[in-house]
Amino acid sequence: PPSAMSEEQICRGSGKGLVLPLGGEDENSWNNTLRVILYLTGLLYCFMGVALIADVFMGAIEKITSKKTRVLNKNTGRHTTVEVWNPTVANLTLMALGSSAPEILLNVIFIFADGYFQEGLGPSTIVGSAAFNLFCISAVCVLSIPNGEVRYIKEMPVYCVTAFFSIFAYVWLIIILMVISPNIVEIWEGVFTFLWFPVLVYLAYLADRGYLNGKCGSSETKSKSRINAFTTSQELAALEARIRSEHGANLTDAQVLRFIEQEHSAPKSRAHYRNGAIREMTGGRRVEACKVEDPLYSVMPVATYDDQSDLRKSWSYVGFQAARYAVLESEAVFKCPVSRRGNTQNKASVYYKTRDGAAKAPQDYLHVEGRLDFGPGENLKTIEVPIVDDSSYEIDEEFFIDLVVPPECGTDSSMTMVDDLSTVEVVIIDDDDPGVLCFELSEITVIEAPVDKHVLVKVCRRCGGSGRITCRYHAEDDTAVHGSDYELPAGELVFEAGQITATIDVLVKASGRYENTEQFRVIIKDATGGARFHEETDGGADCCIVYVRIEADREARERVDRMMGNLRVNWDKAELGSRNWKEQFMNALYVNGGEDDDCESGPPGVTDYVLHVINFPWKLLCACVPPTDFIDGWASFIASLMVIGGVTAIIGDMAGLLGCCMFGPGSDGLTAITFVALGTSLPDTFASKAAAQQDPHADASIGNVTGSNSVNVFLGLGLPWMIAAIYWPVAGPNEKWRKLYGDKDWAQGYLNGALAVEDPGLGSSVAVYSCLAVVAMSVLSIRRKLYGGELGGPRPEAIATSVLFVLLWVIFIVAYILMR
């Protein structure tokens, strides 16, 4: 149907959208080819702008969802710092809104600006974006994994919930638009479409917490057992049993320790990958990515060689029993078994020799070489390698033992050869404990003095003192503000071998404090030399946190209270905000945010300068948005959302003009399902590719696609549909509604007014997408069973899967065109 904002098409005569065309009727009389080029260029430029604004929006969301609070652990009696937002709830609410804001706002803005009429861009953009996300982004992620590696969904219960709703959401659209009330959204249908959103969030939260154990698989609770100096023998035994049950009963103690360490690594957020992708595209300040290296690979158990399968009976085959072993540094001698298979009735001999890897002889082990002689009927020998135990902490290091057949063993009387396991890797696990770092007190109270006062914060080293260790320290504002209430530059704390305490010097400034208390956090992290933090302290295994509370002097507080009463204005916060705003404009003015040339990303290149110049106006606009420090990120959240809405309104008009000029009147749906869906989803494509390559699991890449596709329907369509479905029966049909729908057969039962969604291709495209989505989900499930993960695997199969997914997207586009 024609837009309710104008009786004429937007590109014809006096037709007009919300903002465009700026030239009015004169612009609509220009050459059509010229207009297509101008509108296409403008649309691409607006996509770049909305991506940059979304970068700011995601930064605000990251600030909001990373908010922490202190709670009392009833089990330990300690106060700990915990996140206010559950990660799954954050991903399905604010994070999903941030990554899909243009698609969602496009429908929300235009349905209200269009006088509660449903135009064609919004729904088609959401469906087209869902198709691109599921098919094309999944294809890119599958193919971006190195040959032979895989990435699998770790949080399977949450994925099952979002995967079900990602298909159900579009089946629900078919039910309400094609079955129950064709082309009409009744009040209850609009309400239920929106209410599915909190249902999705709640069920995903239950799955995340481990309360759902249905067919989708058992869920692992987030409250994992943790090992530290205060763990009881019973707790340690329970944790060890769980690790061995999941990963194999033959794990060594060193391997169990490595599994425990790896299970507590925190994955990067969706906002991290998306912001990094956008800044790469626009010449912005880089978000450095770290290469994922899993030390488990160095000590994972390897399956033993299968005996007597295809061996020729006349030969003796000598080899190791496994390809990899692990040994603790404290063990004096490593005994490596060598076995013989095949013909065991004759004599057999092999030479052996150690070879350096990361471990060096004689610092880490003593080099040995010699000859093993097997007598008739003797099938097992042992190579003994002395291990050097020193007092300094080292990372895990490996050396190798090689087997070689002597030249004389090829005679008829003693035919001997080494089998496939002719080399073994031996990993030396260091067991010199450098200790656990923590603060002496969990909270420090300082009474403000008339002059600046130095306070020493003591850091203790417990459960070990081997070697030299260091850690980084810095302060974070809470109610106290750095520079006005206290001073503590970031620095490094050093413990020499045997040193068990060190201090951090904090300067508490005399500022005439009138508040009862102000506080800030001192944090130690990034321990080196093998030192660690125990998980029962505030900060957990990643860091240790102490709160420093600054209390006003009693007499001074009473005097200030009498003068000021309950009026408390923190000017320090305002001053800090001003400095942050300055930083935003500096980042906008300089290429890559003014990074130093010696950073990991290197100096800016020609492409960076070109992208910076092109996107400079958008960067200045982004710099005007309030910094995330204001109101804990909410000021930036609201302002950036408003800017995204404004740019999205321009995108809607630009897409309408482009489609009208390129495909003819009434082609909003086709433009939305192709150009608009592709442009709004491109940043997510690069973000998912980076997440697939850098993250050890697939949750941050394809796992978020299903949740985003569900939220787009329930929030992007459900909210405006619910409001519009209530509006029409209450307000009644106007002249325009009667002109557009009064003579339609399907509208005869709704002549008192109803929300009409008349798009010849929408319902059919949703049905096609739903069927193809089932195929794509099934392929991912099959890949998990065949290759151990949804992404990666053997290169030929990965290429075939990617081609199939792209083909599914092409089928979806062609089907929409044919069914319009």
Mind giving me the nanometre distance, one decimal, between the label points for VAL451 and LYS335, set 7 Å out from Cα along Cα→Cβ?
7.1 nm
Carbon and sulfur together cover what percent of the accessible area of segment 441-556 at a 1.4 Å probe radius?
48 percent
Förster-model FRET efficiency, 41 Å R0, GLU476 and GLN363, C-beta, rounded to 0.05
0.50
Take segment 656-697, drop everything but the C-alpha atoms, weight them equally and run the Debye formula without solvent; then report log10 I(q)/I(0) at 0.13, 0.14, 0.15 Å⁻¹ to two decimals.
-0.42, -0.45, -0.49
Out of the total accessible area of segment 604-654 (probe 1.4 Å, heavy atoms of protein only), what percent is carbon and sulfur?
81 percent
Starting from the Cα-Cα distance between VAL806 and LEU328, subtract it from 0.36 nm times their residue separation and give me the gain in nm to one decimal.
167.1 nm
Given the alpha-carbon gyration tensor of segment 673-778, what are the semi-axes of its equivalent ellipsoid in whole angstrom, ordered largest first, with each equal to the square root of 5 times an eigenvalue?
38, 15, 12
Pair LYS736, ASP420: separation of 7 Å Cα→Cβ label points (nm):
7.2 nm
Contour excess over end-to-end distance, with Cα ends at GLN499 and CYS460 and 0.36 nm allotted per residue
13.1 nm
Nearest-0.05 FRET efficiency for ASP26 and ILE174, computed from C-beta distance (R0 45 Å):
0.55
Projected area averaged over all directions for the convex hull of the alpha carbon atoms of segment 455-548, nm², comes out at 6.1 nm²
Restricting to Cα pairs under 8 Å and 6 or more apart, the percent relative contact order of segment 614-680 works out to 17 percent
Based on the Kirkwood radius over alpha-carbon pairs, what value in µm²/s does the Stokes-Einstein equation return for the translational diffusion coefficient of segment 713-764 at 10 °C and 1.306 mPa s?
134 µm²/s
Express in nm, to one decimal, how much length is gained between LYS68 and ILE817 on full extension, taking 0.36 nm for each residue of separation and deducting their alpha carbon distance.
264.7 nm
³J(HN,Hα), Karplus 6.51/-1.76/1.60, whole Hz, each residue of segment 803-813, x for Gly, Pro:
4, 4, 5, 5, 4, 4, 5, 5, 4, 4, 5
Carbon + sulfur, % of accessible area of segment 727-775 - ligands and nucleic acids excluded, 1.4 Å
55 percent
Residues meeting the amide H criterion for ILE444 (H placed from the backbone, H to H distance under 5 Å, 5 or more places apart or on another chain) are TYR547, VAL548, ARG549
Please give the FRET efficiency for LEU507 paired with THR41, using the beta carbon to beta carbon distance and R0 = 45 Å, rounded to the nearest 0.05.
0.20
What distance in nm lies between label points placed 7 Å from Cα along the C-beta direction at ASP745 and PHE585?
6.5 nm
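The values are calculated or read from the model by the stated rules, or taken from the named source; none is laboratory data. In this text, all values refer to a predicted model and were calculated from it rather than measured experimentally. Using ideal geometry, Cβ is built from the backbone for each residue, glycine included, and neighbour counts are taken over all protein chains shown. Note: accessible area is taken over every heavy atom of the protein model, side chains too, but ligands, DNA and RNA are not part of it. Shrake-Rupley method; radii C 1.70, N 1.55, O 1.52, S 1.80 Å.
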